[in-house]
Structure formats: structure tokens, C-alpha cells
């Protein structure tokens, strides 16, 4: 099968089309004929050699996909040939075929095209698991989402507005702030020109992909009993100092979370909980990813370059 292969870590130029063996199917897995996948920041880190896949995962890039089931293992209950699905992957999406545990796949409603569905699993399950499962978000609460124009940021805005929450986001330009407001955010803060703590003070939840760089300021922005969920360390700083007495006195929580390396049972539980909570919204077309652009698989290198430029929402790779 065709796939994007990497001979050695490096820049976008190391990505090229190659022939690789089709993945082996295990009893609890399904084989998907991939029609679309999407680019995530983790793909760029893996390409550069900074984010190796978990043990046993495909070395091929790609953390999500949408396509058609062509084969189902004996233990893949409820899955059969011909079904349209979208799936969360630990790797392998930049290819014509992928195998994945059946629990990590979700039914693809007819309201969504493959290019749309290929941009859903990674960012929507990341947003859902962290905001609603870990931070226990409730209707009427407020959330500050750093990087409101990113794939996770736009997904978080969609889900939180459907859940009746007030959404504040940060972004790095007036143009991106305007797009965030158009997408549904209640407040968009230009972090290059405004103090996000002053603008967002009193929020119940902060979703942060920058890590230690913002943590102390995130806590300043939180209300009493608020929760910070850290989903990355893209700020480049790994450690910081905290006033523990203040943390205790204000009953605040700091939660760390990643998705890719979680056990299959946990990923299946997240997918099932997402469908249980938002399945009707998905089927009705109220959940759609924000798609910035679509590239053919052969131009994965250009898609990665675009990821490092100004973009809003998701960058999709069309495989078929």
C-alpha cells in the first residue's frame, strides 16, 4: 500500500510517498480503507524525531482517519465490512490502509464527508476527554482555551457552546481573534496585546497546551475551585514554581493529560462517552470541524509547512 514514509528525521522535505506492507489485522481490530486523515502538531514533532510512537504503534504518521471498513476481526463486535467510520489512531493515518482497535472507531454519520470526519477524532476526543471527563465541565461554567484557532481550540469551542458554557479563547492576531468570535467564542483575547489574566479572571476551567510557561498565570485566572488541564508543553518550559498555599486556599486543581499512549480500553471508553454525550449533535450536523485546507496525501510536506504558518482549524490530507 502507499503511505508517507520518513527515512530519517528532519523537516517537511523528509516526507515522501513509498510502498509499505499492509498492516496485520488482530482479532479485536478493523481494517479501514482510509479516505482522509489530518495533520496534528504531534505529527510534526514525530517527523522531527521528538515524539516517538508508543510501543506497538505504527511508525507511520497520522493520529486519526475516516474511511470504510474492509475487514473486521473475530472480536470486533458491531463492526462489519462496508461501514463508514472515523477512528482515533496511535499512528498510521498517512496511508491507504490502517488497522485499529474496534473500540477506537466511531460510526460516521451521512451528514459528514470523509474530509470532515478525518479531522474529528483526535481534536474532538482530546477536547471532550479533558474538558468534560477530567475537568467535569458543567452548563453555565466558563472556560479559557489557549490557542482558540487551533484544531483542539476550535473543537473545544464547538463542544462547550453546545454544552451551554461561556467560552474565552486566546489567539495571536486580530484576524484570528475575529475568526474565533465568528466560530462561536464569547471572548477572544489577543495575547500579544492584552493580559489574558485580566480579561479571563474568574473562569472555572483553563485548557492549556503550553504547560509550565503559563501555569502560574492560568492559576491566577481561575476562580475558587477552578481546574487547569494541561495537555502539552509547547511553551518549551518544563518546570515552574507554584504558591502551594494559594493553591490549597482556593481549592484549585491542576490536571495533566495525554491521549495517544492511553490503553485501548480507556480510548474506547472516551469514544463511547463522546458519542453518548454528543452523538445526536454529530448526527444532526451541529458538530463539524473547522477545516482550513485540504491537501492530497502526496503533498503531505506542503501540509506540514502550512501547519507552521497562519492557519485556522484543521489541515486535512485526502488519501482517496
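The values are calculated or read from the model by the stated rules, or taken from the named source; none is laboratory data. Please read these numbers as outputs of a predicted model, since none were measured by experiment. Positions of Cβ are backbone-derived with ideal geometry, glycine not excepted, and every protein chain shown enters the neighbour counts.
Being touching a helix residue (DSSP H, G or I) at 6+ places or on another chain (Cβ under 9 Å) and loosely packed, with under 12 Cβ neighbours inside 10 Å is the filter here; which residues of segment 10-34 pass it?
Hit for segment 10-34 is 13, nothing else.
Whether any residue in segment 261-276 is touching a strand residue (DSSP E or B) at 6+ places or on another chain (Cβ under 9 Å) and free of Cβ contacts under 8 Å to residues at least 60 places away in the same chain is what I want to check.
No, every residue in segment 261-276 fails to be touching a strand residue (DSSP E or B) at 6+ places or on another chain (Cβ under 9 Å) and free of Cβ contacts under 8 Å to residues at least 60 places away in the same chain.
Select the strands (runs of 3 or more DSSP E) contained entirely in segment 148-211, then report the ones holding at least 3 residues which are touching a strand residue (DSSP E or B) at 6+ places or on another chain (Cβ under 8 Å) and more than 15 Å from residue 222 (Cα to Cα).
Hits in segment 148-211: 187-190.
Go through (1) within 27 Å of residue 71 (Cα to Cα); (2) free of Cβ contacts under 8 Å to residues at least 60 places away in the same chain one by one and return the number of the condition residue 48 breaks.
Status for residue 48: all satisfied but (1).
Do you know which residues across segment 139-158 are touching a residue at least 40 places away in the same chain (Cβ under 8 Å) and surrounded by fewer than 22 Cβ atoms within 10 Å (Cβ to Cβ)?
Passing the criteria: 141, 142.
Could you say whether any residue in segment 27-39 is within 18 Å of residue 320 (Cβ to Cβ), at pLDDT 95 or above and more than 23 Å from the chain's Cα centre (by Cα)?
Looking for residues that are within 18 Å of residue 320 (Cβ to Cβ), at pLDDT 95 or above and more than 23 Å from the chain's Cα centre (by Cα), one finds none in segment 27-39, hence no.
Go through (1) modelled with pLDDT of 95 or more; (2) closer than 26 Å to residue 45 by Cβ and name the single condition residue 237 misses.
Of the numbered conditions (1) modelled with pLDDT of 95 or more; (2) closer than 26 Å to residue 45 by Cβ, the odd one out for residue 237 is (1).
Counting only residues that are in contact with a helix residue (DSSP H, G or I) (Cβ under 6 Å, 6 or more places away or on another chain) and farther than 20 Å from residue 164 by Cα, which one in segment 187-225 is surrounded by the most Cβ atoms within 10 Å (Cβ to Cβ)?
Taking the candidates together, the pick is 208.
Just to verify a result, which residue in segment 286-320, among those that are outside any helix (DSSP H, G or I) and over 19 Å from the mean Cα position of the chain (by Cα), is nearest to residue 62 (Cα to Cα)?
Per the stated criteria, the residue is 319.
What's the number of the condition residue 184 fails, among (1) touching a helix residue (DSSP H, G or I) at 6+ places or on another chain (Cβ under 9 Å); (2) closer than 22 Å to residue 251 by Cα?
(2)
Condition check: under 20 Å from residue 302 (Cα atoms), assigned by TED's automatic domain parsing to the domain that holds residue 306, part of a strand (DSSP E or B) and touching a residue at least 12 places away in the same chain (Cβ under 8 Å). Does residue 36 satisfy that?
Criteria met by residue 36.
Filtering segment 239-265 down to residues that are surrounded by 12 or more Cβ atoms within 10 Å (Cβ to Cβ) and in a helix (DSSP H, G or I), which residue is farthest from the chain's Cα centre (by Cα)?
The selected residue is 246.
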